[in-house]
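See structure below.
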Amino acid sequence: MEKEINYLTQANILSNRVRLSVDDATIEFNQLYLSQMMDEVSHLVEGRILIIDRDNNAIYDSFNDIRNTKIDSFEVSRSLKGERIATIYHLERYGETMYVSVPVIYYDRILGVVFMSISLQEAFNTINNVKNLLFFISILTLLLIAVISLFFANLISHPIKILTEAMQRTAQGKLNEKVDIDGNDEIGQLSRAYNFMSTKLSHIEKQRQDFVANVSHELKTPLSSMKLLAESLIMQPSTDTAIYHEFLEDIDSEIDRLNEIIESLLNMVDLDEEKLNLNYKLTYVNYLIEKIVNNIRPLAEKKNIKIIITQWEKIQIYLDQGKIYQALINIIHNAVKYTDEGGKITINIEREGRFAVIKVTDTGYGIPQESLPYIFDRFYRVDSARSRKTGGSGLGLSISNQIVGLHQGTIEVESQIKKGSTFIIKLPMDINQL
């Protein structure tokens, strides 16, 4: 304890001063000199000072109350044996009090004791006041922490509650829910991610509805045509073979159209499968293009359309030949389909950096700028009347885009109305075969 050390130090200093009052001849305290000397220094000590001789008599008392009184205490007895001791007592009259006792040693002889009695009640009162103040501050701090915690808990839980309610509404089918939560913290980032997801879900749901509506329409149209033709045959009173032949040709054409739609849908389902495996083989892109052009040339010749292949080098990369064949024939077939008679289609094969690039350019009607972002959507048609007239299902470009994407490639489109379109297919030369 700091005060104990401090008072023991003061008692030791007083002991050294008291030793100066010893008469060298008699080896006894000089009472007059001792009293004068102690009166000079006693006011510097916060408490009572007693000088006690070896017979336990108080030969000096700074309070002048118990001089020449025998002092028989535990501390005095221990100090007369050479110990320095400090003890704290609780006195009913004075409260907490410290007794400090130090021997007065003169040439290895103990002549007496310096005894100090110091009240510690004020210090204890200060400590208790500090303790009470700390307790009050602790309670106040805890209350403040509780209030701040509740505030921040509400601040955090409120946006979470809003987000949770929005998610519950989304789970009930309201897919275009939005939450208005600002901030750059985790909750703000989560809300923005939710809004993005909600918008995406709404868009997907609209695509799904459009897809179902378009599929229903596409399947219903040829079926309705076949039913109408069949009913017309049934209602015919005559059995003219030419009429039957004509109607059956129309029915056969509608069946082919229906088969084409179903085959496209099946291809779309296959491409949507997560476990779809690509059968990579080392392929000459040039030969694959020439094969496609040879197969589609009869259709082009019917419309007097020229197909020109320009190639500067042989390009050999790993591809799934069947699927890339399907993707490219969809694009080239569209070019033939939507190019008027006497037009021209140019297919350019070249290498650009790490990509094999196939450009299919036609002189057809072209695609409006507002339609370009949507041409790879399922069942999307730039001109529905024109597409139905030419027999399109609206799935070809979507399938091609998915196949090229599976090969880690891209398809870009450039088009101008009445000037034609260019489809740019980029396939990586160093494709990662997963």
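With angles folded into 0 to 90 degrees, how steeply does helix 321-337 sit against the dominant principal axis of the chain? Use alpha carbons for both and round to 10.
The angle comes out near 60 degrees.
Based solely on its DSSP helices, what 222 nm [θ] is calculated for the chain when runs of n ≥ 4 H residues each add -39,500 (n - 2.57) and the sum is averaged over all residues, nearest 500 deg cm²/dmol? Please list the in-between numbers first.
On the way: 10 runs with 221 residues, N = 434.
So the helix-based figure for the chain works out to -18000 deg cm²/dmol.
If we count chymotrypsin sites (Phe, Trp or Tyr not before Pro) as exposed when they sit in a DSSP loop and have at most 10 other beta carbons within 10 Å, what is the longest stretch of the chain that avoids them all? Write out the running numbers ahead of the final one.
Values: sites that count: TYR107, TRP312.
Longest site-free region, per DSSP loop and neighbour criteria: 108-311.
Rounded if a/c is under 1.5, else prolate if a/b is larger than b/c, else oblate: which is segment 97-148, with a ≥ b ≥ c the root eigenvalues of its Cα gyration tensor? All intermediate terms of the calculation are to be shown ahead of the outcome.
Working: a/c = 11.66, a/b = 4.68, b/c = 2.49.
Prolate, because a/c is 1.5 or more and a/b exceeds b/c.
Which angle between 0 and 90 degrees, to the nearest 10, do you get for helix 285-302 versus the longest principal axis of the chain when only C-alpha atoms count?
Taking Cα atoms only, the helix is inclined about 40 degrees.
Answer rounded, prolate or oblate for segment 53-92, using the Cα gyration tensor with square roots of eigenvalues a ≥ b ≥ c: rounded when a/c is under 1.5, else prolate when a/b is larger than b/c, else oblate. Write down the numbers at each step before the final one.
On the way: a/c = 2.16, a/b = 1.12, b/c = 1.92.
Oblate, since a/c reaches 1.5 and b/c is not below a/b.
At 0.36 nm per residue, and after removing the present C-alpha to C-alpha distance, how many nm does the segment from LYS131 to ILE243 gain when stretched out fully? Intermediate results must be reported in sequence, preceding the final value.
Values: separation 112, 0.36 × 112 = 40.32 nm, distance 11.29 nm.
Result for the pair: 29.0 nm of gain on full extension.
Give me the net charge for the shell around VAL76: Cβ to Cβ below 13 angstrom, other residues only, Lys and Arg +1, Asp and Glu -1.
Working: positive: ARG54, LYS70, ARG78, LYS81, ARG84; negative: ASP53, ASP55, ASP72, GLU75, GLU83.
It works out to a net charge of 0.
Could you compute how much accessible surface LYS200 exposes when probed at 1.4 Å, giving the result in Å² to the nearest 10?
110
Quick one: how many Å² of GLU28 are accessible to a 1.4 Å probe, rounded to 10?
So the heavy atoms of GLU28 present about 90 Å² to solvent.
Percent of accessible area on the chain owned by carbon and sulfur, 1.4 Å probe? List each step's numbers first, then the result.
Details: 14320 of 26270 Å².
The computed percentage sits at 55.
Given R₀ = 41 Å, what would the calculated FRET efficiency be for ALA123 paired with PHE152, taking r from the Cβ atoms and rounding to 0.05? Mind showing how you got there, number by number?
Values: r = 42 Å, r/R0 = 1.01.
Here the calculated transfer efficiency is 0.50.
Tell me, what is the percent relative contact order of the chain, built from C-alpha pairs under 8 Å that lie six or more residues apart?
Details: 587 pairs, mean separation 36.5, N = 434.
Relative contact order comes out at 8 percent.
If ARG169, ARG257, ARG192 are ordered by their accessible area, calculated over protein heavy atoms with a 1.4 Å probe, which sequence runs from highest to lowest? It would help to have the intermediate numbers written out before the result.
Values: ARG169 80, ARG257 40, ARG192 110 Å².
Ranked from most to least accessible, the order is ARG192, ARG169, ARG257.
For segment 81-197, calculate the relative contact order in percent as a whole number, restricting contacts to Cα pairs under 8 Å that are 6 or more residues apart.
Value for segment 81-197: 13 percent.
If you line up the long axis of helix 396-406 against the longest principal axis of the chain, both from Cα atoms, how many degrees apart are they, to the nearest 10?
40
So for segment 1-131, averaging the separation of alpha carbon pairs under 8 Å that are six or more residues apart and normalising by length, what relative contact order in percent results?
Taking the mean separation of contacting Cα pairs over the length of segment 1-131, I get 24 percent.
Could you state, as a whole-number percent, how many of the C-alpha pairs of the chain are farther apart than 39 Å? Intermediate values should be presented prior to the final figure.
Details: 55461 of 93961 pairs.
Value for the chain (Cα pairs over 39 Å): 59 percent.
Largest first, how would MET226, MET38 line up by accessible area (1.4 Å probe)? Intermediate values should be presented prior to the final figure.
Details: MET226 30, MET38 0 Å².
The ordering from most to least exposed comes out as MET226, MET38.
Placing +1 at every Lys and Arg Cβ and -1 at every Asp and Glu Cβ, with all other atoms neutral, what dipole size does the chain have around its Cα centre, in debye to the nearest 20? Each step should come with its number before you reach the end.
Working: 46 positive and 57 negative charges, 281 e Å.
My answer is approximately 1340 debye.
Show me, bin by bin at 5 Å from 0, the whole-percent P(r) of segment 277-375 based on Cα pairs.
Percent of Cα pairs in each bin: 3, 12, 22, 22, 18, 15, 8, 2, 0.
Keeping all protein chains in place, calculate the accessible area per residue for the chain (probe 1.4 angstrom), answer in Å². The partial results should precede the final answer.
On the way: 26270 Å² over 434 residues.
Ligands and nucleic acids excluded, the result is 61 Å² per residue.
Measure up LYS227/LYS302; LYS178/LYS200; LYS291/LYS344; LYS344/LYS418; LYS178/LYS206 against 20 Å on the Cα-Cα distance and list the ones that go over.
Pairs exceeding the cut-off: LYS227/LYS302.
The values are calculated or read from the model by the stated rules, or taken from the named source; none is laboratory data. All of these numbers come straight from a predicted model, not from anything done at the bench. Note: ideal-geometry Cβ built from the backbone for every residue, glycine included; neighbour counts use all protein chains shown. Note: accessible area is taken over every heavy atom of the protein model, side chains too, but ligands, DNA and RNA are not part of it. Shrake-Rupley method; radii C 1.70, N 1.55, O 1.52, S 1.80 Å.
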